[in-house]
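*Asks:* Sending over a structure as structure tokens; questions will come in a sec.
The values are calculated or read from the model by the stated rules, or taken from the named source; none is laboratory data. Everything numeric here is computed off the predicted structure, so don't read it as measured data. Glycine also receives a Cβ, built like all others from the backbone with ideal geometry; neighbour counts cover every protein chain displayed. To get the accessible areas, we keep the full protein, side chains included, count just its heavy atoms, and leave off ligands, DNA and RNA. Shrake-Rupley method; radii C 1.70, N 1.55, O 1.52, S 1.80 Å.
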Amino acid sequence: MLTITKEVPVAGRYDAVVCGGGPAGWVAAAAAARCGCRTALIERFGFLGGAATAGLVMPISAFFHNGRRVVGGIPWEFVETMAGCGAARVELPRGHISADPEFYKLIAQRMVRAAGADVYTNSYLSGAVREGRRITAVLIENKNGTEAVAGSCFIDATGDGDLCALAGAETRRSGCPQPLSMDFQLTGVDLTTPLLRDSIRHDGRSGPSMNREIHAYLEELYRQGRCPNFCGPWFNTLVRGDRITVNMTRSAASALDNRAFAQAEFQLREDIFALVELLRERYPEFREAVIAGTAVSAGVREGRHLAGVHTLTGRELLRGEDFPDSIARNAHPVDIHVPAAGVQMLEEMPRAGHIPYRALISPQLDNLLAAGRLIAADSRAHATIRIQGTAMATGQAAGTAAALCCAAGTAVHDLDTAELRRVLHAGGCML
């Protein structure tokens, strides 16, 4: 062990500090800043969007339930802006959003900067300074060295609950976390034949989301020992040009173990090339396929879960239980992936679910909020709320709550949730 003592400059002082610029984080930052809150957004990559841009996870799911929209506010404004640029398509009635990840980066950064938030990109969260029940600053690492970003209220939108862990908020881990995947882009694929024509649109009408014919082929090869671990596959249009994203790799490694995660990413990249060769050998549609890009980072379905004031359960979501402090809704099926090749368990939502504000706050800290897939939820609930559309909705709720807490000088536990709901509703959120 080494002990290091050093002075750290304070790069800025803010009302709200958002850690993580993925779907939940950038929306949280935009929401807080629009409320007049001096806001900082910290992101480890040089762009925003997280799962959608670094991870190439498409489509952006799910904004509708049974043809009725359940996610509004800033997320829907973003979708409409993207669609206006010809860079997004709403796949009704499911309400999944096929989108161009490069335009996503551009529109997200425009919205955050227009709101007035300061953005610290290429900055890795490395520590938290805590005084009693409050976080006073976070530490980041970048080309400037170690810097501190001070704030009054902090939002953990890192996905894996990194700020929660660094600040000492209680978190939980699943005994069998959902596996990793590394998505990738292909060009040169013939999309005009029945094999793919009806499975690159995720509207629930054109065809099944998963390509069943290719799944059966890969399953047989896996039994023969000729195919790496796989999932799906799912193919998705990127709207502009002939690129498609592909989700078909799988690894059981933990994203919370640096060495295991590194080895998993190396193997997943090997698997991408092996799987594309298998497709090329069997299907004429893939004979001219070119791997045009792989995800910057493996996609993580499950990391830490906040041990919140309330832990949302799958039972509550599936029966549509409404809460007095509901701040967002979700519509995606319960979607549980297991490490075994090709195995996925889906459970449709009879009605859109409700997410309570209490699932975003920790009993240990007075100025910490969570947003995105790390909010307090059991495994069944997590399997539906981890989806990007829901993450964006909880991001707007967290950012708005942070602004209200800063304005009133209250702890997150003492926030007037009726006022929070009023402000969210006025901003177009669906509650």
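*Asks:* Quick one: which of Thr158, Thr171, Thr187, Thr193 is more than 21 Å from the chain's Cα centre (by Cα) and more than 23 Å from Met82 (Cβ to Cβ)?
*Replies:* Exactly one residue qualifies, and that residue is Thr193.
*Asks:* Could you please let me know if Ala328 is outside any strand (DSSP E or B) and under 26 Å from Glu170 (Cβ atoms)? Walk me through it before giving the result.
*Replies:* Numbers: outside any strand (DSSP E or B): no; under 26 Å from Glu170 (Cβ atoms): yes.
For Ala328, the condition - outside any strand (DSSP E or B) and under 26 Å from Glu170 (Cβ atoms) - is not met.
*Asks:* When you scan segment 108-116, do you find a residue that is charged (D, E, K, R) and open to solvent by 10 Å² or more (accessible area, probe 1.4 Å), even just one? Quick ask: steps written out before the conclusion?
*Replies:* The first filter runs over segment 108-116 and keeps only residues charged (D, E, K, R), leaving 110, 113.
After this cut, where a residue has to be open to solvent by 10 Å² or more (accessible area, probe 1.4 Å) as well, the list is 110, 113.
Within segment 108-116 (the criterion being charged (D, E, K, R) and open to solvent by 10 Å² or more (accessible area, probe 1.4 Å)), the answer is yes, since at least one residue qualifies.
*Asks:* Oh, and also: What's the number of the condition Ala401 fails, among (1) part of a helix (DSSP H, G or I); (2) buried (at least 24 other Cβ atoms within 10 Å of the Cβ); (3) out of contact with any strand residue (DSSP E or B) (no Cβ under 7 Å at 6 or more places or on another chain)?
*Replies:* (3)
*Asks:* Check whether at least one residue in segment 340-350 is of a type in the set (A, V, I, L, M, F, W, C) and closer than 13 Å to Ala398 by Cβ, and report yes or no. Give the derivation first.
*Replies:* Kept after step one, since they are of a type in the set (A, V, I, L, M, F, W, C), are these residues of segment 340-350: 340-341, 343, 345-346, 349.
Checking the rest, the ones that are also closer than 13 Å to Ala398 by Cβ come to none.
So far as segment 340-350 goes, no, none of its residues is of a type in the set (A, V, I, L, M, F, W, C) and closer than 13 Å to Ala398 by Cβ.
*Asks:* List the strands (runs of 3 or more DSSP E) inside segment 159-257, counting only whole elements, that have at least 1 residues being modelled with pLDDT of 95 or more and aliphatic (A, V, I, L, M).
*Replies:* 184-187, 244-249
*Asks:* Continuing with the same structure: Give the residues of segment 46-63 that are surrounded by fewer than 24 Cβ atoms within 10 Å (Cβ to Cβ) and either assigned to a strand (DSSP E or B) or aromatic (Phe, Trp, Tyr) (or both), sorted by residue number.
*Replies:* Phe47
*Asks:* Only one of (1) in contact (Cβ under 8 Å) with a residue 40 or more places away in the chain; (2) open to solvent by 10 Å² or more (accessible area, probe 1.4 Å) fails for Glu131. Which number is that?
*Replies:* Condition not satisfied by Glu131: (1).
*Asks:* Being touching a Leu at 6+ places or on another chain (Cβ under 8 Å), modelled with pLDDT of 95 or more, of a type in the set (A, V, I, L, M) and open to solvent by less than 40 Å² (accessible area, probe 1.4 Å) is the requirement here; does Ala408 meet it?
*Replies:* So Ala408 fails the test.
*Asks:* Inside segment 2-34, can you point out the residues that are assigned to a loop (DSSP other than H, G, I, E, B) and either free of Cβ contacts under 8 Å to residues at least 40 places away in the same chain or farther than 21 Å from Val79 by Cα (or both)?
*Replies:* Hits for segment 2-34 are Leu2, Thr3, Ile4, Thr5, Lys6, Glu7, Val8, Pro9.
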